[in-house]
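Participant: One structure, pasted below without further comment.
Here, each number is a calculation from the coordinates, and none is a lab measurement. Computed from a predicted model, the values in this text were never measured in an experiment. All Cβ positions, glycine included, derive from the backbone under ideal geometry; neighbour counts span all protein chains shown.
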Amino acid sequence: MKTLSVIIPTYNRAEYCRKLLGILKESGVPDLEVIVVDDGSTDDTERVVRETDPRAKYIRQKNSGPATARNTGFKHSTGDYVSFLDCDDEWMPGKPAEALAYLNDYPEVDALFTDAAVGNPVDGYKSLLQGQKPFFDVLCKEPESHFRILDPVPFFRWMLHRNAIFLGSMIIRREVFESSGQFDPELCGAADWNLCLRLANCQKFGFWDEQMAVYTKHEGGMSNDADGMSAEFCLALKKLRTQAYLEGYEKKLVERHLQHHLFGYAYKAYDRGDFATARTRFMDLMKTTGFEIRGFAYYALSSLPSGLARVIRRMKQIAFGTVDLTPKLPQPEVRTRAVLKKT
């Protein structure tokens, strides 16, 4: 059985695949299993994959989206551990092999993630977790320098507050991913967040304080589509309510975050003057999370004659400027770090 399987969904990005397959040869994992899932491309992806790395598995499926492609790749994988890279992502040389060593040494850790470098060649790259690492310091055990085993409860709450995991910088035990429900095929831009929330709710994460992966942002990418990503966040949390076992404070917290995202998604439409869309979204907010006075007020404003609604909207903008009106959320819980010796 292979040590690690890396699954790469792709669609019409043959040259990105060529570059990534070359980079993966420097992973430090001698028996790395590489699986490329072609999601219905019309370019020469198959030829490029077979020429660049004849050992890579090439799988073609009809166009179904990246979540389905990742699940398809997993079905064809054999590794003890699995990881997922988009074809325009990269791994730092040797880092995956070092990350695997921690998973081999700490069997209680179900999934491990690292920091990632995020940016582009023109503007440069910076740490994804810049400003978040002090939080990890206080909610973990540290069996050795730069490696922490995170306390599941506060980490789940933090993941609701802010996604700390770049998918390409995470390695998961095979049986853990298999039992997780895998990627939700109805999600696209937030499928990784949804998966990580489900894992954080019931599994134990390790954090290695290094950068294993590089995430390059492109113009026109989904992460640059604020409205589309807001819709994805809302759907990811709606689905989480039925996908994960939630009770007590965690259940209430998920509802509060869902309300927060639904309000923000609706307010985006109101703020740009698309009142018909705003009405629909504010109604969805109240149907999903119950009556909410602020949501009802903006639903009512969006229902006014469009000319009057625009005048009121403009008066508010002049009086208050750009104001975050979404419901405020509690800060995640922190706990004191315990430094342990490796056994």
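Participant: Would you list which aspartates and glutamates come within 15 Å of LYS204, measuring only between C-alpha atoms, while excluding same-chain residues fewer than 8 positions from it?
Facilitator: Excluding near neighbours in sequence, the set is ASP105, GLU108, ASP110, GLU142, ASP151, GLU175.
Participant: Using only alpha carbon pairs under 8 Å that are at least six residues apart, calculate the relative contact order of the chain and give it in whole percent.
Facilitator: 18
Participant: Working out 0.36 nm times the residue gap between MET283 and HIS161, then minus their Cα-Cα distance, what length gain in nm do you get to one decimal?
Facilitator: Residue separation times 0.36 nm, minus the Cα-Cα distance, leaves 41.5 nm.
Participant: If you don't mind, another one. Select from ALA200, ALA101, ALA14 the residue whose mean-square fluctuation is largest in a Gaussian network model of the chain (Cα-Cα springs shorter than 10 Å).
Facilitator: ALA101
Participant: How would segment 136-227 be classified by its alpha-carbon gyration tensor: rounded, prolate or oblate, with rounded meaning a/c under 1.5 and the a/b versus b/c comparison settling the rest?
Facilitator: Here segment 136-227 falls in the prolate category.
Participant: Would you mind checking the radius of gyration and Dmax of segment 227-320 based on alpha-carbon positions, in Å?
Facilitator: 14.5, 46
Participant: For the peptides 52-63, 276-287, 136-147, what is the packing order when you average, over each peptide's residues, the other Cβ atoms within 10 Å and list the highest mean first?
Facilitator: Ranked from most to least packed, the peptides come out as 276-287, 136-147, 52-63.
Participant: Just to be sure I understand: with springs between alpha-carbon atoms less than 10 Å apart, which residue in GLN182, GLN130, GLN211 has the highest mean-square fluctuation in the Gaussian network model of the chain?
Facilitator: Among GLN182, GLN130, GLN211, the largest GNM mean-square fluctuation belongs to GLN130.
Participant: Let me ask you something else. Of the lysine pairs in segment 227-320, how many meet both conditions: Cα atoms under 29 Å apart, and a spacing of 8 or more in sequence or different chains?
Facilitator: Final tally of qualifying lysine pairs is 15.
Participant: Additional query: Quick one: if you stick a label point 7 Å off each Cα along the C-beta vector at THR42 and LYS141, how many nm between them?
Facilitator: 5.5
Participant: Which residue, chosen from PRO152, TYR298, ALA269, occupies the Cα position most advanced towards the positive end of the dipole of the chain, where the dipole is computed from +1 (Lys, Arg) and -1 (Asp, Glu) charges on Cβ about the Cα centre?
Facilitator: TYR298
Participant: How many angstrom lie between the Cα centre of segment 165-198 and the Cα centre of segment 59-124?
Facilitator: 10
Participant: Please state the shape class of segment 1-87: rounded when a/c is under 1.5, otherwise prolate if a/b exceeds b/c and oblate if not, all from the C-alpha gyration tensor.
Facilitator: oblate
Participant: Tell me, what HN-Hα J-couplings in whole Hz come from the Karplus equation 6.51 cos²θ - 1.76 cosθ + 1.60 at θ = phi - 60° for each residue of segment 231-246, using x for Gly and Pro?
Facilitator: 4, 5, 4, 4, 5, 4, 6, 4, 5, 4, 4, 9, 7, 10, 7, 10
Participant: Sort segment 204-264 into rounded, prolate or oblate with this rule: let a ≥ b ≥ c be the square roots of the eigenvalues of the Cα gyration tensor; rounded if a/c is under 1.5, and if a/c is not under 1.5, prolate when a/b is larger than b/c, oblate otherwise.
Facilitator: Oblate shape, in that a/c is at least 1.5 and b/c is the bigger or equal ratio.
Participant: Right, next: By how many nm would the segment from ASP123 to LYS25 grow when fully extended, if each residue of separation counts as 0.36 nm and the alpha-carbon distance is taken off?
Facilitator: 32.6 nm
Participant: Let me ask you something else. Once the dipole of the chain is set up with Lys and Arg at +1 and Asp and Glu at -1 on Cβ about the Cα centre, which of HIS218, LEU258, GLN243 lies farthest towards its positive end?
Facilitator: LEU258
Participant: Any idea what the dipole of segment 94-170 comes to, in debye rounded to 20, about its Cα centre with Lys/Arg Cβ at +1 and Asp/Glu Cβ at -1?
Facilitator: That gives segment 94-170 a dipole magnitude of about 300 debye.
Participant: Using only alpha carbon pairs under 8 Å that are at least six residues apart, calculate the relative contact order of segment 1-157 and give it in whole percent.
Facilitator: Relative contact order comes out at 25 percent.
Participant: Students often get this wrong: which residues of segment 136-176 have the backbone nitrogen under 14 Å from the point 7 angstrom along Cα-to-C-beta of ASP105?
Facilitator: 142-149, by backbone N distance to the label point.
Participant: Under a Cβ-only charge scheme (Lys and Arg +1, Asp and Glu -1), can you give me the dipole magnitude of the chain about the Cα centre, in debye to the nearest 20?
Facilitator: 1240
Participant: To the nearest 20 debye, what charge dipole does segment 213-264 have about its Cα centre, counting +1 at the Cβ of each Lys and Arg and -1 at the Cβ of each Asp and Glu?
Facilitator: 240
Participant: What nm value, rounded to one decimal, do you get for the distance between ALA276 and ARG314 when each label is placed 7 Å out toward the C-beta?
Facilitator: Output for this residue pair reads 2.2 nm.
Participant: Could I have the simple spin-label model distance between HIS218 and ARG18, label points 7 Å from Cα toward Cβ, reported in nm to one decimal?
Facilitator: Between HIS218 and ARG18, the label points sit 1.5 nm apart.
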